[in-house]
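First the structure, then my questions, so here it is.
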């Protein structure tokens, strides 16, 4: 974990240094001073809406579990915001594990089950994002001077997404309790039985893959989530004078969503800014404006997830020390 954090910080620091070598703080300040403040406030509000929609989507995914989860007031909301707080504001992007630990401890669900539901969410997100890019690519809505690495990277991401979804379907089929009981026996070692139990619980968390109606509802929520996110990106770009079509906002949204998954400092700082600058260059957007818009899109999430994530942790009767102890117990 420490090595990943150090690598991420080094990458982000290098990219930020290169960015500031090309764009002076004065140029960034000028971009912010001329930006439409109303549009920036609307961008920030829409990011809160996106996060709340993700809570609704997660509830749909959780509803597919074999037995209804224990109803704890505000738990899905608090756990999800804690997860994004961890991803955007803490090192090593451990937010999803923190989200899973909090939800599992408070709801009585097993940790592998909860982790499986989040993995399903991630693949649904990837499927929608890749589909959006392919629509842009097949309808000639991408700029002609788009760097070659963008399309190559997203085609590779598409292949990885399809392979991952296939792996999840196979996992759901073969990690059922029935199949695992047939694999093990009473004579097996306690360690093996424990491993089989964990695998069975992880498979149970993939129950949505065998419930088409619930999966369709989750997909609809996901489409709404990314539609609002694209609108937020489009409004933010217009705030800095970049009068671009919605297709440009979708392109930025898709590529940056995958890019910040790479090792970087919390929030994808540095990576998000450089990718945005490179993507908007073919549209003729000035680098200071592109970088400023990217900073707003990053900060707009952090402004919500930090206070609400910490408040949710407190509301659920947990502390960062307890969460850390639970995390250490899983290793």
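The values are calculated or read from the model by the stated rules, or taken from the named source; none is laboratory data. Computed from a predicted structure; not experimentally measured. For neighbour counting, all protein chains shown are included, and Cβ atoms are generated from backbone atoms with ideal geometry for every residue, glycine included.
Would you mind finding the one in 242, 262, 291 that is part of a helix (DSSP H, G or I) and either at pLDDT below 95 or surrounded by fewer than 16 Cβ atoms within 10 Å (Cβ to Cβ) (or both)?
The conditions single out 291.
(1) at pLDDT below 95; (2) within 18 Å of the chain's Cα centre (by Cα): which one isn't true of residue 190, the others all being true?
(2)
Here is a follow-up. Determine, yes or no, whether residue 235 is assigned to a helix (DSSP H, G or I) and under 30 Å from residue 64 (Cβ atoms).
No; evaluated as a whole, the condition is false for this residue.
Condition check ((1) closer than 24 Å to residue 258 by Cα; (2) touching a helix residue (DSSP H, G or I) at 6+ places or on another chain (Cβ under 7 Å); (3) at pLDDT below 90; (4) crowded, with 20+ Cβ neighbours inside 10 Å) across all residues:
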position: 90; (1), (2), (3), (4): yes, yes, yes, no
position: 95; (1), (2), (3), (4): yes, yes, yes, yes
position: 101; (1), (2), (3), (4): no, yes, no, yes
position: 120; (1), (2), (3), (4): yes, yes, no, yes
position: 129; (1), (2), (3), (4): yes, yes, no, yes
position: 133; (1), (2), (3), (4): yes, yes, no, yes
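Being touching a residue at least 60 places away in the same chain (Cβ under 8 Å) and farther than 20 Å from residue 53 by Cβ narrows it down to one of 232, 259, 218, 239, so name that one.
Exactly one of 232, 259, 218, 239 is touching a residue at least 60 places away in the same chain (Cβ under 8 Å) and farther than 20 Å from residue 53 by Cβ, namely 239.
I'd like to check something: does segment 201-221 contain any residue that is surrounded by fewer than 18 Cβ atoms within 10 Å (Cβ to Cβ) and under 30 Å from residue 40 (Cβ atoms)?
Among the residues of segment 201-221, at least one is surrounded by fewer than 18 Cβ atoms within 10 Å (Cβ to Cβ) and under 30 Å from residue 40 (Cβ atoms), which makes the answer yes.
Hey, another quick one. If the requirement is being touching a residue at least 24 places away in the same chain (Cβ under 8 Å) and out of contact with any strand residue (DSSP E or B) (no Cβ under 7 Å at 6 or more places or on another chain), which of these qualifies: 148, 87?
Residue meeting the stated conditions: 87.
Yes or no, residue by residue, for (1) at pLDDT below 95; (2) outside any loop (DSSP other than H, G, I, E, B); (3) in contact with a helix residue (DSSP H, G or I) (Cβ under 6 Å, 6 or more places away or on another chain); (4) within 23 Å of residue 20 (Cα to Cα):
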| position | (1), (2), (3), (4) |
| --- | --- |
| 282 | yes, yes, no, yes |
| 298 | yes, yes, yes, yes |
| 301 | yes, yes, yes, yes |
| 310 | yes, yes, no, no |
| 321 | yes, yes, no, no |
| 327 | yes, yes, no, no |
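Among the residues of segment 21-54, which ones are part of a loop (DSSP other than H, G, I, E, B) and either in contact with a strand residue (DSSP E or B) (Cβ under 6 Å, 6 or more places away or on another chain) or closer than 18 Å to residue 235 by Cβ (or both)?
Of everything in segment 21-54, those that are part of a loop (DSSP other than H, G, I, E, B) and either in contact with a strand residue (DSSP E or B) (Cβ under 6 Å, 6 or more places away or on another chain) or closer than 18 Å to residue 235 by Cβ (or both) turn out to be 34, 35, 36.
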